[in-house]
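The values are calculated or read from the model by the stated rules, or taken from the named source; none is laboratory data. What you see is a predicted model, and the numbers here were worked out from it, not measured in a lab. Neighbour counts are summed over all protein chains in view; Cβ atoms, including those assigned to glycine, are modelled from backbone coordinates with ideal geometry.
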Protein chains: 2
Amino acid sequence: MRVMGVDPGLTRCGLSLIESGRGREVTALDIDVVRTPADMELSRRLLLIANAAEYWMDTHKPTAVAIERVFSQQNVRTAMGTAQAGGVIALAAARRDIPVTFHTPSQVKSAVTGNGAADKNQVTAMVTRILGLQTKPTPADAADALALAICHCWRAPMMERMAQAEAAAAEQKKRYEARLAQVRKEAKAR
Amino acid sequence: MRVMGVDPGLTRCGLSLIESGRGREVTALDIDVVRTPADMELSRRLLLIANAAEYWMDTHKPTAVAIERVFSQQNVRTAMGTAQAGGVIALAAARRDIPVTFHTPSQVKSAVTGNGAADKNQVTAMVTRILGLQTKPTPADAADALALAICHCWRAPMMERMAQAEAAAAEQKKRYEARLAQVRKEAKAR
């Protein structure tokens, strides 16, 4: 699996590319931060981000895109911009038929450090260790994008198994209900 | 001015097209609501909305796009989806070099009804009257999209004059500061 991790943002948008191997083996292939000026019109900023993400997808051909899910942040305006940046990147992936998964910050922290409430330094330190990097990835947005892609590599197989189990359970329930309805109908007919 | 009004949303996204004439003259040209299923993957929903908005732009050739600015809503998850839907439409406009303006719900209500805290019924009633429609536009999302486009037609000239005044003031300030620096330099030299 070749995962593109995205830490969305209007001012700084972190992008990463991770290749997963056997088990929990992960390798960092690339990293970038897209910046857009704060005084630029919002739609133009989204265009710069979308263009950069599309170029990245067309160059690196990821098989999956993982984006940080925004919940409420301190600043509503910032949260909205972050959601919009993530939205245009999800759109770019959908246009290329690349599946998109959103992970919450606590899912990412939990996957990478084992603690859903870990701070930025802990996350960066674990990302550096997991990927066997010589130095800490900077800026923080790049480290977050790497953490997100690692999280996806590790969570995706589990999420797929859960989805399969859920689908199987739903199928079983449907068959059970159909049989129940049949039995009731027969009882009524008698 | 030919304004495309957008009431963004993942489940229902209202689109409208308004042509402005002299003074406060406005004419409704088209209206539509794009729906996407709630059980569809988020990136696929954004793709459906983007495709519909792009088709609308390429067919109707609006000269301006007005989108409702999302502030905090009751439900953070809904607000994020709304922001993302608005984001992909803003992106589509930016790709076509169409200027995008965001208006807050209270700016829209205030422009259309004279009351920034008007309820949905008042807004719909005023939109129906302003546009001289035979019946109320339905659903509510379509009426909101019309209100948004009307708001833009009426606010845009004022916003442009304000931007010009601000630019002129900034220019004047720059000239003043340059003169001040020159005078200080001369005083120091003496």
**Asked** Within the range B:66-76, which residues are facing another protein chain (nearest Cβ under 8 Å) and aliphatic (A, V, I, L, M)?
**Response** B:V70, B:V76
**Prompt:** in contact with a Ser or Thr (Cβ under 9 Å, 6 or more places away or on another chain), farther than 17 Å from B:D32 by Cα and at pLDDT 95 or above: does that describe B:V123?
**Reply:** no
**Item:** Index of the failed condition, A:Y55 passing every other in (1) without any contact (Cβ under 8 Å) to a residue 24 or more places away in the chain; (2) within 11 Å of chain B (Cβ to nearest Cβ)
**Value:** (2)
**Fill in**
Only unsatisfied item for A:Q122, checking (1) in contact (Cβ under 8 Å) with a residue 24 or more places away in the chain; (2) over 17 Å from A:L15 (Cβ atoms), is (1)
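Conditions (1) free of Cβ contacts under 8 Å to residues at least 60 places away in the same chain; (2) more than 22 Å from B:I49 (Cβ to Cβ); (3) of a type in the set (K, R), marked per residue:
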position: B:R77; (1), (2), (3): yes, no, yes
position: B:T82; (1), (2), (3): no, no, no
position: B:G86; (1), (2), (3): no, no, no
position: B:I89; (1), (2), (3): no, no, no
position: B:A92; (1), (2), (3): yes, no, no
position: B:R95; (1), (2), (3): yes, no, yes
position: B:S106; (1), (2), (3): yes, yes, no
position: B:G116; (1), (2), (3): yes, yes, no
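Being hydrophobic (A, V, I, L, M, F, W, C), touching a helix residue (DSSP H, G or I) at 6+ places or on another chain (Cβ under 8 Å) and within 13 Å of chain A (Cβ to nearest Cβ) is the requirement here; does B:L42 meet it?
yes
Please work out if B:A156 is in contact (Cβ under 8 Å) with a residue 40 or more places away in the chain, surrounded by 12 or more Cβ atoms within 10 Å (Cβ to Cβ) and closer than 21 Å to B:C13 by Cβ.
Numbers: in contact (Cβ under 8 Å) with a residue 40 or more places away in the chain: yes; surrounded by 12 or more Cβ atoms within 10 Å (Cβ to Cβ): yes; closer than 21 Å to B:C13 by Cβ: no.
Judged against the criteria, B:A156 is not a match.
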**Prompt:** A:D144 is checked against (1) part of a helix (DSSP H, G or I); (2) touching a residue at least 24 places away in the same chain (Cβ under 8 Å); (3) facing chain B (nearest Cβ under 10 Å); (4) not aliphatic (A, V, I, L, M) and fails just one. What number does that condition carry?
**Reply:** (3)
**Request:** Give the residues of the range B:64-101 that are within 15 Å of A:V88 (Cβ to Cβ) and in contact with a Leu (Cβ under 8 Å, 6 or more places away or on another chain), sorted by residue number.
**Result:** B:I67, B:G81, B:T82, B:Q84, B:A85, B:G87, B:V88, B:A90, B:L91, B:A94, B:R95, B:V100
**Asked** Identify, please: which residue in the range A:109-134 is surrounded by 12 or more Cβ atoms within 10 Å (Cβ to Cβ) and assigned to a loop (DSSP other than H, G, I, E, B) and is, among those, farthest from the chain's Cα centre (by Cα)?
**Response** A:L133
**Request:** From A:I18, A:I31, grab the single residue that is closer than 20 Å to A:I130 by Cα, touching a residue at least 24 places away in the same chain (Cβ under 8 Å) and touching a Ser or Thr at 6+ places or on another chain (Cβ under 6 Å).
**Result:** A:I31
**Prompt:** Out of the range B:22-46, which residues are of a type in the set (A, V, I, L, M, F, W, C), buried (at least 16 other Cβ atoms within 10 Å of the Cβ) and within 21 Å of B:T78 (Cα to Cα)?
**Reply:** B:V33, B:V34, B:L42, B:L46
**Asked** Of everything in the range A:135-145 that's of a type outside the set (S, T, Y) and under 17 Å from A:R35 (Cα atoms), which residue is surrounded by the most Cβ atoms within 10 Å (Cβ to Cβ)?
**Response** A:A145
**Message:** The conditions are (1) under 28 Å from A:N51 (Cα atoms); (2) out of contact with any Ser or Thr (no Cβ under 9 Å at 6 or more places or on another chain), and A:Q182 fails exactly one of them. Which is it?
**Reply:** (1)
**Message:** I'm trying to understand the selection: among the residues of the range B:77-94, which are surrounded by fewer than 16 Cβ atoms within 10 Å (Cβ to Cβ) and either of a type outside the set (S, T, Y) or facing chain A (nearest Cβ under 9 Å) (or both)?
**Reply:** B:R77
